[in-house]
Amino acid sequence: MSQAPMTLDMFIHGEWHAGSSGDRIEVMNPAKGELLATVPDGGQDEIDRAVESAHEGLAAWRATHPRQRSKVLYQIATTLQERAEEFATLYTLNSGSSMWTGLWTMNDVAGRRFEYYAGMADKIRGDTFVTPGEYLSYTLREPVGVTGHIIPWNGPLWIGSRTIAPALAAGNAVVIKPSKEAPLTLLKFAEMATECGLPPGVLNVVTGRGSTMGDRFAGHPGFDGIYFTGSTATGRRIMEQSAGNEVHSVMELGGKSPNIVFEDCDMESALDGAIMAIFANSGQICVAGSRLLVQESIHDEFVEKLVARARDVKIGGPDAGALMGPVITARQKERILDYIESGRAEAELVTGGGTPPDPELQDGYFLEPTIFDRVPNGARIAREEIFGPVLSVTSFVDQDEAVMLANDTDYGLASAVWTENLMRAHQMAEAIEAGQVYVNHYYTAAFEISRSSYKASGHGISEGPDAINEYLTHKAVSIKTGESSWE
Ligand code: NAD
């Protein structure tokens, strides 16, 4: 049964704000194609107010003892985990993802990141360098300041926690702009985090359309840092908008990741991995394995088995226990169908290509798992990020050709290699130009390890201990302690 649509406002300085224009944005439930909620269509006034609030919050937060900051972040982690079901339900209603993904996100991704960076808040240190009897030099590590975070719709807390947790641990204030498609969990999260002890203004969330808010956000002169996750095209635009303000930035952009299967792989595991890599969350994952490179000697057998598995992939809404949910909007569905049309002219469609026939899925934005075989690496479907359940299969003869094809892309976000040959696994890990290399699995990455991206997939460090440096400045202090031999 349908629920009445929710009304959520913006969260600024620890309070809800309806926005000055009175205009609202409709947020849809993609599994049902029906209205889920409305949020304010904010603009310049709300960005100004949120940035001003963040400057006030910054003063309080950077003066807070690091041990206390650590306690607040830990409280956020445990509260999110305790309320995982409530947040997961909101997230899945808004994204169409499975409940399993929602619970995993709250407990093991966002909750885990807040735990991890809670532990780092009181371990931020600098260097000392002593020239005996002359100088004592040391680094002061200071928060960057007021940081703007722009978050895509696929997993707002999964992705948002990656920049919000280290930013708060380092003593920064945060203004978040979620996507207009999926703003709900971040709004509720900001309220919850404030109840956990963040001073007012430390975590603010503004909502609006690209046209009313997006274009005014990144260029706001009140920001000291911009942390963007989204498509490469938008990332480039944001870099231009913020260029005049000399801000710190991390750009987590798009991908077209190669999933490389050698003849010496464990074929059953590689088949399962290839299905997960492209069809989990309907391919709407930045690191999705959207280009499958298969060694020619096993190509026919592998593709035949892969197609059989793709036809068995379960499709459904959040509670269906399905691997594939809907795509996020009707517009995104049309965009993906357009890619499928262009693929038909460039390669061999071996399964899928349309809307699933199940009558229960007709109102939501569902698509079939789709595989194209014999895709030339220059084809549009092999080069552009589709962000949907569409796989391109290309074969290679030997390891050199696999490396050449893997790296022949504008992107460098992630990759996977399937082989039982340990030496080959290491050689491939070195040769692939991507920030993440999975070997004999797909998707399981340790948040405790730092990584960065290659080429058009962005810049800056994410995750792990080194990411904290993206949210801190290094101030070098040099104190004269005696007569200098340099003078
Ligand atoms: P998008 O680039 O369309 O939007 C991302 C965010 O930018 C949204 O909040 C959007 O409202 C905002 N935005 C759009 N125009 C703007 C502007 N002019 N100024 C300021 N903000 C603006 O991306 P999307 O469709 O929401 O998400 C999918 C994309 O995100 C894919 O390309 C995917 O690969 C990428 N992504 C990357 C990672 C990563 O870690 N590298 C993770 C998740 C998603």
From the cross-link list K180/K455; K180/K314; K188/K333; K123/K455; K177/K256; K256/K475, the entries with a Cα-Cα span beyond 30 Å are K123/K455; K256/K475
Mean-position separation - Cα centroids, segment 262-285 and segment 326-370, in angstrom:
19
Cβ charges +1 (Lys, Arg) and -1 (Asp, Glu), total dipole of the chain, debye:
1080
Using eta = 1.567 mPa s and T = 4 °C, Stokes-Einstein with Kirkwood Rh from Cα pairs puts D for the chain, in µm² s⁻¹, at 55
Value of relative contact order over the chain, rounded to a whole percent, pairs C-alpha under 8 Å and six or more apart:
18
Positive-end residue of L337, Q241, I278, charge dipole of the chain with Cβ unit charges:
Q241
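Once neighbouring chains are kept in place and the probe is 1.4 Å, which whole percent of the accessible area of segment 206-346 is contributed by carbon and sulfur?
48
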Solvent-accessible area of E385, probe 1.4 Å, all protein chains present, reported in Å² to the nearest ten, please.
30
Using the Karplus curve 6.51 cos²θ - 1.76 cosθ + 1.60 with θ = phi - 60°, what ³J(HN,Hα) values do you get for each residue of segment 280-291, in whole Hz, with x for Gly and Pro?
4, 6, 6, x, 8, 10, 4, 8, 3, x, 8, 10
Expressed as a whole-number percentage, the relative contact order of segment 258-439 with C-alpha contacts under 8 angstrom and at least six residues apart is 28
Determine, at each q value in 0.11, 0.14 (inverse angstroms), the log₁₀ of I(q)/I(0) that the Debye formula gives when each Cα of segment 258-439 is one equal point scatterer.
-0.43, -0.70
Specify the inter-centroid distance of segment 165-218 and segment 445-462, based on alpha-carbon positions, in whole Å.
22
Might you tell me the accessible area per residue for the chain, computed with a 1.4 Å probe and given in Å²?
40
Putting +1 on Lys and Arg Cβ atoms and -1 on Asp and Glu Cβ atoms, find which of L367, P258, W418 reaches farthest to the positive end of the dipole of segment 258-439.
L367
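The values are calculated or read from the model by the stated rules, or taken from the named source; none is laboratory data. A quick note: this is a predicted structure, and the numbers were derived from the prediction, not measured. A quick note on method: Cβ atoms are made from the backbone with ideal geometry, for glycine too, and the neighbour counts reach across all protein chains shown. What goes into the accessible areas is simple: the full protein's heavy atoms, side chains included, and nothing from ligands, DNA or RNA. Shrake-Rupley method; radii C 1.70, N 1.55, O 1.52, S 1.80 Å.
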